[in-house]
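Reviewing the structure listed below.
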Amino acid sequence: MWRRWLLVKRFILQWHLSENCNLKCLHCYQENHKPVQLPYDKLVEIYNQFKELLNKKKLRGHINITGGEPLCNPHLYKILDLIKKDAPLISFSLLTNGTLITPDIAKKIKSYNPEYVQVSLEGGKKTNDYIRGQGTYKKIATGITNLKKENIFTSISFTATKLNYKEFPKVVKYAQKYHVDNVWSDRYIPLGASEDKNLTLNFTETRDYLEIMHKERLKLKKQKNNTTTISMYRALQFQMTNDFAYGCTAGDSLLTVMENGDLVPCRRMPIVVGNLFQDSMLSLYDNSPILKKLRTNKIPDECQLCDHAETCRGGLKCLTYALYQDLNHKDYGCNEEI
């Protein structure tokens, strides 16, 4: 029974080791924030709590290690040592801005056998460097080249905003040039009063953005010897591809730990359910009213009659929460007529 669970299901933890970063991006979720750096023993405590949850639920685990910039964290490789010892129970991926990946760092990352490394890009050179900082477009290319020399599965993440969503084709072209394995994208989520809601796509822009993604995906499928793919499994993207509807897993098989030990359902849904130095991850998962509510599969009133209601459950819930402070709404980018 235990081995069967290991094969069919896994629990994902997005772990922000700290918010230390070498960049200051325009849409950064850490604006005006002073990073917290937990000591190594506290990070081990968090890691062991995740292992406890996996053991109790009889699940495999996967950790998306991020920041800030995880390569700025002094304890990163010691954490990777722990994960390596626990393979195959726990796998990991690294979410990075890509600008610090030298040939030696790429080799070191490879030695830990990551499932993939995700690198962020925001459009063409001018737009990317406006958002992420002067010179980052070229540095990202160098980082990706070093990763690919080590045969590491590399993905580009593109955050769609009003500023850049029409530049998705430039990102795909860049990905092909540097032999990136996969490109994926989702919409920008405004967080808190200090966040610029003017970056968020409106309904018309959302539909345009999804059409652009779909056209680029079809182009790639028609190209011979192409090795780059475009993932379209995020909220509402299935409306273009006719694939299975996406369902948000936040609070169910996905949790996020912030740099100070706060537990939230998802980084883009920053509802603090507790702190891991006061309550265990397992206890919070089992008993938090917020997480229980997210696991009830509640379908928004507007979506009750939709054919995709049981799976989609209202689309991008983090965006709905950011806009309304309430999950009982249909994703405002949805074009389904009920």
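The values are calculated or read from the model by the stated rules, or taken from the named source; none is laboratory data. Because the structure is a prediction, the values reported are computed rather than measured. Neighbour counts are summed over all protein chains in view; Cβ atoms, including those assigned to glycine, are modelled from backbone coordinates with ideal geometry. The area values use the complete protein model at the heavy-atom level, side chains included, leaving out ligands, DNA and RNA. Shrake-Rupley method; radii C 1.70, N 1.55, O 1.52, S 1.80 Å.
Suppose every Lys and Arg Cβ carries +1 and every Asp and Glu Cβ carries -1, with no other charges. What dipole size does the chain come out with about its Cα centre, to the nearest 20 debye?
1300 debye
Please identify, among D104, D262, D129, the residue showing maximal mean-square fluctuation in a Gaussian network model of the chain using a 10 angstrom Cα cutoff.
Of D104, D262, D129, the most mobile in the Gaussian network model is D104.
Just read off the accessible area of R217 with the full protein assembly in place, 1.4 Å probe, to the nearest 10 Å².
Taking all protein chains as shown, R217 has close to 40 Å².
Please state, rounded to one decimal and in Å, the Kirkwood hydrodynamic radius that segment 272-338 gives when every pair of distinct Cα atoms enters the mean of 1/r.
Mean inverse Cα-Cα distance, inverted, gives 13.3 Å.
Ignoring ligands, DNA and RNA, please state the percent of accessible area on segment 201-322 from carbon and sulfur, probe 1.4 Å.
49 percent
Considering only protein heavy atoms and a probe of 1.4 Å, how much of the accessible area of segment 80-179 is carbon and sulfur, as a whole percent?
54 percent
Just to be sure I understand: with springs between alpha-carbon atoms less than 10 Å apart, which residue in K222, K170, K42 has the highest mean-square fluctuation in the Gaussian network model of the chain?
Among K222, K170, K42, the largest GNM mean-square fluctuation belongs to K222.
Taking the Cβ of A250 as the centre, find all other residues whose Cβ is under 10 Å away and add up their charges (Lys, Arg: +1; Asp, Glu: -1).
+3
Given the options Y246, Y137, Y77, state which has the largest fluctuation in a GNM of the chain using a 10 Å cut-off (strictly under) for Cα springs.
Y77
Starting from a Cα-only point model with no solvent, please compute log10 I(q)/I(0) by Debye for segment 68-150 at q = 0.26 1/Å.
Here log10 of I(q) over I(0) equals -1.29.
Would you mind calculating the gained length between Q304 and K84 on full extension (0.36 nm times residue separation, minus the Cα-Cα distance), in nm to one decimal?
74.8 nm
Starting from 0.36 nm per residue, how many nanometres of slack lie between N328 and K51 once their C-alpha separation is accounted for?
96.4 nm
Between segment 313-334 and segment 204-249, what is the C-alpha centre distance in whole Å?
20 Å
Rounded to the nearest whole Å², what accessible area per residue is found for the chain with the 1.4 Å probe?
Accessible area per residue, the chain: 47 Å².
So what does L201 come to for accessible area, using a 1.4 Å probe and Å² rounded to 10?
0 Å²
What are the semi-axes of the equivalent ellipsoid for the chain, taken as the square roots of 5 times the Cα gyration tensor eigenvalues, largest first, in whole Å?
So the equivalent ellipsoid measures 28, 27, 20 Å along its semi-axes.
Give the average over all directions of the projected area of the C-alpha convex hull of segment 134-216, one decimal, in nm².
6.4 nm²
When N counts the residues of segment 240-294, how does its alpha-carbon radius of gyration compare numerically with 2.2 N^0.38 Å, as a ratio?
Taking N as the residue count of segment 240-294, the ratio is 1.28.
Ordering F277, F11 by accessible area with a probe of 1.4 Å, largest first, what comes out?
Descending accessible area places them as F277, F11.
Whole percent per 10 Å bin, from 0 to the bin with the longest distance: what is P(r) over all C-alpha pairs of segment 161-307?
Per 10 Å bin, starting at zero, the Cα-Cα P(r) for segment 161-307 comes out as 10, 29, 31, 23, 7, 0 percent.
What lysines sit close enough to K222 to cross-link, taking a C-alpha to C-alpha distance under 25 Å and skipping anything fewer than 8 places away on the same chain?
K148, K166, K170, K173, K177
Suppose only helical runs count, i.e. DSSP H with n ≥ 4. What mean residue ellipticity at 222 nm does that imply for the chain under -39500 (n - 2.57) per run, divided by all residues and rounded to the nearest 500 deg cm²/dmol?
Roughly -10500 deg cm²/dmol at 222 nm, from the helical runs in the chain.
Can you give the extra length, in nm with one decimal, that the chain gains between Q223 and K107 once fully stretched, where that is 0.36 nm per residue apart less the Cα-Cα distance?
Working it through step by step, the gained length comes to 38.6 nm.
Could you tell me the relative contact order of the chain? Use alpha-carbon pairs under 8 Å, at least six residues apart, and round to a whole percent.
Over the chain, the number comes to 16 percent.
When we measure straight from the Cα of K162, which aspartates and glutamates land under 13 angstrom away, once same-chain ones fewer than 8 places off are left out?
E122, D186, D196, E205, D208
Report, in debye and to the nearest 20, how large the dipole of segment 169-324 comes out about its Cα centre when Lys and Arg carry +1 and Asp and Glu carry -1 on their Cβ.
Roughly 760 debye, rounded to the nearest 20.
Rounded to the nearest 5, what % of DSSP beta bridges with both residues in the chain are antiparallel?
If I count the DSSP bridges inside the chain, around 15 percent turn out antiparallel.
Quick one: P(r) of segment 19-170 from all Cα-Cα pairs, 5 Å bins, percents rounded to integers, in order of increasing distance.
Pairs per bin, as whole percents: 2, 9, 17, 20, 19, 15, 11, 6, 2, 0.
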